Amino acid sequence: SIQPVYGAQHPPLDPRLTKNFIKDRSKANALPMKSKKASSFHEFARNTSDAWDIGDDEDEDFSSSSSSLQTLNSKVAKATAAQVLENHSKLRAKPERAQSALSDMPMNCKVIKSSSEAQLSRTSEEACVRTPLQKQQSLPLRPVIPLVARISDQNASGAPPMTVREKTRLEKFRQLLSSHNTDLDELRKCSWPGVPREVRPVTWRLLSGYLPANMERRKLTLQRKREEYFGFIQQYYDSRNEEHHQDTYRQIHIDIPRTNPLIPLFQQPLVQEIFERILFIWAIRHPASGYVQGINDLVTPFFVVFLSEYVEEDVENFDVTNLSQDVLRSIEADSFWCMSKLLDGIQDNYTFAQPGIQKKVKALEELVSRIDEQVHNHFRKYEVEYLQFAFRWMNNLLMRELPLRCTIRLWDTYQSEPEGFSHFHLYVCAAFLIKWRKEILDEEDFQGLLMLLQNLPTIHWGNEEIGLLLAEAYRLKYMFADAPNHYRR
């Protein structure tokens, strides 16, 4: 029941390296090309390789062609996410602008932490990001995550001091959560514009339906559900070595190291063991779908949020061996149950042939044809199928397109919105696509469009960008959700 996901590659490919790689392969294979551009998906697929090949294994010996891909991926892995963004933007920048930017580059760079400093010094910060590009070959094996990519920050450029309005919101959350019976409708209303970091763990447990609204029942419920999960571990986990479960376990074991590879937290052996247990137990308890590539990503927001309950510093570099066994067990069990609740609402995305995703991609195509006919016709002109880029958006809930901190903020709203993950996500995807309309219309060949859509430059996004995206998605939902005559041709 293992199904590969087209385009599910992580980290995003460096466009310049990829183009060189395509040229090298085309020479090596001596494939005749009709023109300078790839005119169809099949031609494009023949000249590129997906790093998510289901046959990959760290212990296998690779052929010469796959070793070229490994070399390419190694170079990309050494570059930080910020550098990937800069590579993309440089390709599109005018030569004179790029030259002036290089001439203005400072000798010594430092990362600015406060949002006010970041706004005042945006030019110097962007120049800072460019500096490591000149030393790409000498980067250490484990890339250094820039502070602007911190998971725990509320905003992309650092966590600013709390404003009076934010303090008032936090107090409102605390009153709701501490009441004898939490008003879940009011909690959803407060959570839609984002949940404060301090109260996010308990808020997410309540919004996902994992915790009861009644205060007195919460402690016993948590204890019972955590014991139930570890009962599953004792009952089922040893069966991973049985023949009929080996394919499932092997694919999970391959995918886990690929989960957010640029964040050190997820490369720790103990964290990877936790993810393996969560995914394996979920897969064998849901035989209708089993494990599908991409489900591994859906654990990470819950794991980070529940970890932040016990960690004051930045979680992306935190060593989980410093936590007690009881705390780790609580985080693991809570992540399992909340992920299960999420997947219960979108399981048709992962059953045979993934019909839920097929329907959502078709609905996205119809919606975009109505809200921006120019973009829709541009895709048709260059033979770009929505399935070629939007399948990943639906399968991974945009997690491959956004920094993890943005996903966490997005999920605040998804859990507040009725059918947020299954229905509202469609309108978020439409708003996200139209956000890049200028860049899309600037591309005039199939390959350029696919490269853009699979490597969108969102690494510096924070709360402000997600807030605007959600506002536009809500507007689209308001206009089209209850107007089927406007929704379809």
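The values are calculated or read from the model by the stated rules, or taken from the named source; none is laboratory data. These figures come from a predicted structure and were not determined experimentally. A quick note on method: Cβ atoms are made from the backbone with ideal geometry, for glycine too, and the neighbour counts reach across all protein chains shown. For accessibility, only protein heavy atoms count, side chains too; no ligands or nucleic acids. Shrake-Rupley method; radii C 1.70, N 1.55, O 1.52, S 1.80 Å.
Going residue by residue through the range 297-309, is there one that turns out to be open to solvent by 10 Å² or more (accessible area, probe 1.4 Å) and within 22 Å of Asn395 (Cβ to Cβ)?
no
Can you confirm whether Val292 is under 22 Å from Thr248 (Cα atoms), buried (at least 16 other Cβ atoms within 10 Å of the Cβ) and either at pLDDT 95 or above or under 17 Å from the mean Cα position of the chain (by Cα) (or both)?
Here the answer is yes, as Val292 does meet what is asked.
Between a residue in the range 347-363 that is in contact (Cβ under 8 Å) with a residue 12 or more places away in the chain and any residue that is open to solvent by 10 Å² or more (accessible area, probe 1.4 Å) and aliphatic (A, V, I, L, M), which pairs come within a Cβ distance under 6 Å, given they are 6 or more apart or on different chains?
So the pair list comes out as Thr351/Ala288; Lys360/Leu426; Val361/Leu387; Ala363/Leu426.
Look at the range 228-250 and say how many of its residues are modelled with pLDDT of 95 or more and within 30 Å of the chain's Cα centre (by Cα).
Qualifying residue count, the range 228-250: 5.
Please state which of the following conditions Glu366 fails to meet, knowing it meets all the rest: (1) in contact with a helix residue (DSSP H, G or I) (Cβ under 8 Å, 6 or more places away or on another chain); (2) under 15 Å from Tyr291 (Cα atoms).
With (1) in contact with a helix residue (DSSP H, G or I) (Cβ under 8 Å, 6 or more places away or on another chain); (2) under 15 Å from Tyr291 (Cα atoms) applied to Glu366, the lone miss is (2).
For (1) more than 17 Å from Ile274 (Cα to Cα); (2) assigned to a helix (DSSP H, G or I); (3) in the same structural domain as Phe446 (by the TED database), each residue gets a yes or a no:
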position: Thr300; (1), (2), (3): no, yes, no
position: Val305; (1), (2), (3): no, yes, no
position: Glu312; (1), (2), (3): yes, no, no
position: Glu316; (1), (2), (3): no, yes, no
position: Leu328; (1), (2), (3): no, yes, no
position: Ile331; (1), (2), (3): no, yes, no
position: Lys362; (1), (2), (3): yes, yes, yes
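Would you say Gly345 is within 18 Å of the chain's Cα centre (by Cα) and either more than 23 Å from Leu220 (Cα to Cα) or not acidic (Asp, Glu) (or both)?
It is false that Gly345 is within 18 Å of the chain's Cα centre (by Cα) and either more than 23 Å from Leu220 (Cα to Cα) or not acidic (Asp, Glu) (or both).
Kindly provide the set of residues from the range 249-268 that are surrounded by 19 or more Cβ atoms within 10 Å (Cβ to Cβ) and assigned to a helix (DSSP H, G or I), ordered by number.
Across the range 249-268, the qualifying residues are Tyr249, Gln251, Ile252, Ile254, Asp255, Ile256, Leu265, Phe266.
This table checks each residue for (1) of a type in the set (A, V, I, L, M, F, W, C); (2) open to solvent by less than 50 Å² (accessible area, probe 1.4 Å).
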| site | (1), (2) |
| --- | --- |
| Lys362 | no, no |
| Asp372 | no, yes |
| Asn377 | no, no |
| Asn396 | no, yes |
| Cys406 | yes, yes |
| Arg409 | no, yes |
| Pro418 | no, no |
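Taking only the range 420-441 into account, find how many residues are under 21 Å from His378 (Cβ atoms), open to solvent by less than 10 Å² (accessible area, probe 1.4 Å), touching a residue at least 60 places away in the same chain (Cβ under 8 Å) and within 16 Å of the chain's Cα centre (by Cα).
2
Restricting attention to helices (runs of 4 or more DSSP H) lying wholly within the range 389-489, give those where 1 or more residues are touching a Gly at 6+ places or on another chain (Cβ under 8 Å) and over 22 Å from Pro261 (Cα atoms).
Where helices (runs of 4 or more DSSP H) fall fully within the range 389-489 and carry at least 1 residues being touching a Gly at 6+ places or on another chain (Cβ under 8 Å) and over 22 Å from Pro261 (Cα atoms), they are 404-414, 463-480.
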